[in-house]
Amino acid sequence: MVLRDAYLVINSVNLSAYCAQVELSASLDGVENTAMGATGRTREGGLRDEQLSVTWRQNYGVSLVDATLWPIYTGGTTVALEIRPTSSAVSTSNPKWTGSILLTEYTPISGEVGDVGEAETTFLVSGVLTRATS
């Protein structure tokens, strides 16, 4: 699959057209629960930890990238997320992830002379993401 039509909605605003790079990462704590008599370490899954990193083609217009992200950042509260590999309908081949995210890092201006202006963001998931295929 070539990623070229990712669908990204943050706080009910579709910002897909300004997304240049997206990475949704997930990790699970491996909690050790080894007890006496064991001949090897045993583990079980602990807490999930998920985050979203996005590089944006910055736009300061009304209801666009900065106008959406800056109030989220300064507000310090969680907002809704929906992300899919493509803008097509949700299906087994195009799942969606939804949940609440907190914007913890925002670089509203980035680039060298002559470059396209970019913005970098890191969102931490509050709770867990839900994956759906319908």
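The values are calculated or read from the model by the stated rules, or taken from the named source; none is laboratory data. Keep in mind that this is a model prediction, so the values were computed, not measured. Quick reminder, even Gly has a Cβ in these numbers, built from the backbone with ideal geometry, and neighbours come from all protein chains shown. What goes into the accessible areas is simple: the full protein's heavy atoms, side chains included, and nothing from ligands, DNA or RNA. Shrake-Rupley method; radii C 1.70, N 1.55, O 1.52, S 1.80 Å.
Can you tell me which residue within the range 3-19, out of those that are more than 13 Å from the chain's Cα centre (by Cα) and at pLDDT 95 or above, is farthest from residue 117 (Cα to Cα)?
12
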Pick from 74, 104: which is polar (S, T, N, Q), more than 13 Å from residue 8 (Cα to Cα) and touching a helix residue (DSSP H, G or I) at 6+ places or on another chain (Cβ under 9 Å)? 104
All positions within the range 107-126 that are touching a Lys or Arg at 6+ places or on another chain (Cβ under 9 Å) and over 17 Å from residue 15 (Cβ atoms): 125
Within the range 45-65, residues being closer than 21 Å to residue 125 by Cβ and either open to solvent by less than 40 Å² (accessible area, probe 1.4 Å) or charged (D, E, K, R) (or both) number 10
Odd one out for residue 112, checked against (1) on the phi < 0 side of the Ramachandran plot; (2) within 17 Å of the chain's Cα centre (by Cα): (2)
